[in-house]
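One structure is given here, and the rest of the page talks about it.
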Amino acid sequence: MLGALIGFGTIASGHFSAYQQIQDASIIAVVDPVLERRNKAKTLDKNLQVYKTIGSLFSQENVEFIDICSPPHTHLDYIRIGLKNGCHLLCEKPFLTSVRDYKGILSLTKRAGKTLYPCHNYKFSPILKQIYSRVHSKNFGQVVNAHFRVLRSGHAVGVPEWNPHWRRNQNISSGGILRDHGTHSIYIATHLSGSMPIAVSCLIGNLRKDNYTENEDTALLTLYFKKSRYFTIDLSWAANFRYTYYSVTGTKEMVTVENDEISFTTPSGKLVREIIPSEFNDPTHKAWFVDVIHDFLDTVKSPNRQVPLLNEALMTTLVIEKAYESARLGGVKLDLPQLSKNML
């Protein structure tokens, strides 16, 4: 399959690196409104065709898929344009920033006969794949609760040629760390639990006291599941160090990740520790995207996989919307509506 990258910032460089390792999909073009970024793409591959607009791309190239790596406020328009032009699509997180934007998306994909794939890349990090394997083993038992903590010393800064602090611009990002890292944490929670949350509570604020005040740098939220299960998630860009922590407790075992170290208990009570390098500190996440793209290609071949993936993205957006509402109300617990077909 021949494709194009839409946007050529930091995360797109990770995608591009992965495509160079894959035989079944290749990038032949890049779209970016900034001349310097188009020139950067050409330095990586002189054969790439580069375009300022997606309209110019489709007037000149016959691509079979597009990979949307542009900022969140552009995603919906690019999805619609891509489907209109008969392309399969991958789209970076946050997939869509409003629940209302999902309505009609599934019918658009069906009319086009194409696949729309939310790029939830943390599921493909080596250490989180190991967590999933342990949590879903017969020895783990039922998930009881979990605790995630993601600390960073500031928001991720984008490329210098275009608004490097766009994550703190509310009109572009539609939120701070809750929208950014929170997206990963929420879809990981549904992925590990194998179910959708039924309620959420949240507090947000700014602890760093810097010049970025349009959105939050810290969020504390709890996801509630059936059978009294819950996941607590602590997120902050106000730390003085990078730290990534995931802990899941089951009725028989427990598994914990602290940066690149995974620890788990066995039914006999033995504690096992292993180091699994997972590149959490690489903002391009290039080590994960080969598996992401293979999963996208598998979904193209098996379109029935699309609806569960879109539901995962929809639930993530729904939780974030309700979490912001909870925060505005002082952190109250709010019920989440059940997903229904008419939401897509």
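The values are calculated or read from the model by the stated rules, or taken from the named source; none is laboratory data. What you see is a predicted model; the values in this text were computed from it and never measured. Neighbour counts are summed over all protein chains in view; Cβ atoms, including those assigned to glycine, are modelled from backbone coordinates with ideal geometry.
Here are some notes:
- The single condition among (1) under 20 Å from L96 (Cα atoms); (2) hydrophobic (A, V, I, L, M, F, W, C); (3) over 17 Å from the mean Cα position of the chain (by Cα) that V300 does not meet is (1).
- From the options R100, R167, R149, R134, residue that is closer than 23 Å to T218 by Cβ, outside any loop (DSSP other than H, G, I, E, B), basic (K, R) and out of contact with any helix residue (DSSP H, G or I) (no Cβ under 8 Å at 6 or more places or on another chain): R149
- Selection status of S153, surrounded by fewer than 23 Cβ atoms within 10 Å (Cβ to Cβ), closer than 23 Å to S263 by Cβ and in contact with a strand residue (DSSP E or B) (Cβ under 6 Å, 6 or more places away or on another chain): no
- All of (1) surrounded by fewer than 20 Cβ atoms within 10 Å (Cβ to Cβ); (2) more than 20 Å from H88 (Cβ to Cβ); (3) touching a residue at least 40 places away in the same chain (Cβ under 8 Å) hold for L35 with one exception: (3).
- Segment 189-205: number of residues that are surrounded by 18 or more Cβ atoms within 10 Å (Cβ to Cβ) and part of a loop (DSSP other than H, G, I, E, B): 2
- Filtered residues of segment 105-134 (kept if more than 30 Å from G86 (Cβ to Cβ), surrounded by fewer than 23 Cβ atoms within 10 Å (Cβ to Cβ), over 17 Å from the mean Cα position of the chain (by Cα) and not charged (D, E, K, R)): Q130, S133
- Residues within segment 229-260 that are farther than 22 Å from R208 by Cβ and among the hydrophobic types (A, V, I, L, M, F, W, C), tallied: 5
- Filter pass, S247 being surrounded by 13 or more Cβ atoms within 10 Å (Cβ to Cβ), without any contact (Cβ under 8 Å) to a residue 24 or more places away in the chain and over 18 Å from the mean Cα position of the chain (by Cα): no
- Of the residues making up segment 227-242, one or more are surrounded by 15 or more Cβ atoms within 10 Å (Cβ to Cβ), in contact (Cβ under 8 Å) with a residue 12 or more places away in the chain and farther than 30 Å from W166 by Cβ.
- Residue match in segment 310-330 (condition: buried (at least 16 other Cβ atoms within 10 Å of the Cβ), within 19 Å of G113 (Cα to Cα) and not assigned by TED's automatic domain parsing to the domain that holds D67): yes
- Any chance G176 is of a type in the set (G, A, S), in contact with a strand residue (DSSP E or B) (Cβ under 7 Å, 6 or more places away or on another chain) and surrounded by 24 or more Cβ atoms within 10 Å (Cβ to Cβ): no
- Selection over segment 248-271 of residues that are β-branched (V, I, T) and modelled with pLDDT under 90 gives a count of 2.
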